[in-house]
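Asks: First, the structure itself, so that you have it in front of you.
The numbers here are math on the coordinates, done by the rules we state, and not lab data. Since the structure is predicted, the reported quantities are computational estimates derived from the model, not experimental observations.
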Ligand SMILES: [Zn+2]
């Protein structure tokens, strides 16, 4: 089983992969509409909005939280 290298989500079903392509190492939520992986900034924006929406964090706190979550993932460890 693979996990998304960008957000850590388990990749279990074909629908979890961008465009259903199981050779990819990232999930559909970390992909652009064309199936390529989102950049760090794009993903950070998306996660920040997600945390604000789901956990009611203030924008600054949500951004910090998104940054530390992403730092745990292989794709962003070196950033
Ligand atoms: Zn992902």
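Asks: Using a/c under 1.5 as the rounded threshold, could you call the chain rounded, prolate or oblate? The axes a ≥ b ≥ c are square roots of the C-alpha gyration tensor eigenvalues, and prolate needs a/b larger than b/c, oblate otherwise. Each step should come with its number before you reach the end.
Replies: Details: a/c = 2.02, a/b = 1.74, b/c = 1.16.
Prolate.
Asks: For helix 59-71, what angle does its Cα long axis make with the longest principal axis of the chain, in degrees from 0 to 90 and rounded to 10?
Replies: 40
Asks: Further question on the same structure: As I understand it, the value is the acute angle between the Cα axis of helix 40-55 and the longest principal axis of the Cα atoms of the chain; what does it come to in degrees, rounded to 10?
Replies: Rounded to the nearest ten degrees, it is 60.
Asks: In deg cm²/dmol and to the nearest 500, what is the mean residue ellipticity at 222 nm of the chain if only DSSP H runs of at least 4 residues count, each as -39500 (n - 2.57), divided by the residue total?
Replies: Roughly -12000 deg cm²/dmol at 222 nm, from the helical runs in the chain.
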